[in-house]
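The next block holds one structure in the form of structure tokens; read it before the comments.
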Amino acid sequence: MSSGRPRRSTSAQSRPRGGLWPNQRGLDQALKAGLTAKYVMFDTWFSNPHQIVQISQRGLNVIAMVKKSSKITYEFEEKRMNVKQIFNACKKRRGRSRYLLSVPVKVGDPAKDGAQIDARIVCVRNRSNRKDWIALICTDMTIDENEIIRIYGQRWDIEVFFKTCKSFLKLGTEYHGLSYDALTAHTAFVFLRYMFMSVEKRDDEDDRTIGELFYCMVDELADITFNYSLQTLVEAMFESVKEIFQPTEEQMERFTNAFISRLPKYMQEAISPSLAA
């Protein structure tokens, strides 16, 4: 959805005369044609409350990156705050968590945007700069934070697809014509080329594409049950104790009974079903 023209401000004054952004008109055309989608994803360029509310009113959920602007505010704990203020006001998650912060907010102003909807803002570390963070917003309140991060991560694959088609497969420069059917056919051929390249790339890099040999190997590898794996570990530990400490048979029996008695019931049953009886 990018072009060579300079980008305009996303303020209300620059909104098209009809009240709709070009991408909103595109969504209306897609919905009218019968196309559906679970989520509409976009970056900070289109991420503003009015846009999010308008898309939500069309029955579509949004997952987008939030612009860190002091002029764009959300309702959080009954206060109007921008995303930086929300981030600074909340306690962050520590440790190995995939995200730093997750808070519910209300998006939009009924007076300006026509409605106000519920959404969730999830803040994650910026992989390019660990001291920085980025914020994602999702209007689907039924999915968790990890799912929001996973779904938005797919947008990068889409961007790579467009970049490859435009720059390397000459989507916009290889054919020049005014025929709609010819343009559609050319686009289809470009997309087919990309799919051929993707399949070849996977065949070269992914070991799972070795075909029938892979499935034969999988059939040979029986799943190790929990009981068998636990028994293997316990037997290995007992053998190590015997080799290093050289206990007597009486000491070894006492050690075994003391060890097993401290295990949960399901582990006792897995090691020795007779003990459970």
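Using a 1.4 angstrom probe with every protein chain in place, what is the largest-first accessible-area order of 74, 152, 228?
Working: 74 0, 152 25, 228 135 Å².
Accessible-area ranking of 74, 152, 228, largest first: 228, 152, 74.
Give, as ranges by residue number, the residues of segment 185-199 whose backbone N falls under 13 Å from the point 7 Å along Cα→Cβ of residue 174.
185-197
Students often get this wrong, so check it: of 79/131; 67/170; 71/170; 91/112, which have C-alpha atoms separated by over 29 Å?
Over 29 Å apart, Cα to Cα: 67/170; 71/170; 91/112.
What does the accessible area of residue 93 come to, in Å² to the nearest 10, when a probe of 1.4 Å is used?
The value for residue 93 is about 120 Å².
On a straight-distance basis, which lysines could pair with residue 242 in a cross-link, Cα separation under 27 angstrom, same-chain partners fewer than 8 positions away excluded?
265
Each label point is 7 Å from the Cα along the Cα-to-Cβ direction; what then is the distance between the points at residue 88 and residue 69, in nm?
1.9
For 249, 145, 205, give me the order by solvent-accessible area with a 1.4 Å probe, most accessible first, ignoring ligands, DNA and RNA. Show your work: numbers first, answer last.
On the way: 249 150, 145 35, 205 125 Å².
Per-residue accessible area, sorted high to low, gives 249, 205, 145.
Between residue 256 and residue 37, with labels modelled 7 Å along Cα→Cβ, what's the label distance in nm to one decimal, could you check?
Roughly 6.4 nm, to one decimal.
Compare the peptides 119-132, 170-183, 44-57 by average per-residue count of other Cβ atoms within 10 angstrom and give them in order, highest first. Don't skip to the answer; put the middle values down first.
Numbers: 119-132: 14.6, 170-183: 11.0, 44-57: 20.4.
For the peptides 119-132, 170-183, 44-57, the packing ranking is 44-57, 119-132, 170-183.
Under a 1.4 Å probe, what is the accessible area of segment 128-201 per residue, stated in Å²? Spell out each step's value before the answer.
On the way: 5210 Å² over 74 residues.
Value returned for segment 128-201: 70 Å² of accessible area per residue.
Full extension from residue 205 to residue 242: what is 0.36 nm times the residue separation minus their Cα-Cα distance, to one decimal in nm?
Residue separation times 0.36 nm, minus the Cα-Cα distance, leaves 8.7 nm.
When the Karplus curve 6.51 cos²θ - 1.76 cosθ + 1.60 is applied with θ = phi - 60°, which whole-Hz ³J(HN,Hα) does each residue of segment 75-88 get, with x for Gly and Pro?
So the Karplus estimates, Gly and Pro as x, are 8, 10, 6, 6, 10, 8, 9, 7, 5, 5, 5, 5, 4, 6 Hz.
Would you work out what percent of the accessible area of segment 45-94, with all protein chains in place, is carbon or sulfur (probe 1.4 Å)?
Roughly 44 percent of what the probe reaches on segment 45-94 is carbon or sulfur.
The values are calculated or read from the model by the stated rules, or taken from the named source; none is laboratory data. Note that the structure is predicted; figures quoted are calculated from it, not measured. Here the Cβ is made from the backbone with ideal geometry for all residues, glycine too, and neighbour counts use every protein chain on show. When the accessible area is computed, the model is the full protein with side chains, heavy atoms only, and any ligands, DNA or RNA have been set aside. Shrake-Rupley method; radii C 1.70, N 1.55, O 1.52, S 1.80 Å.
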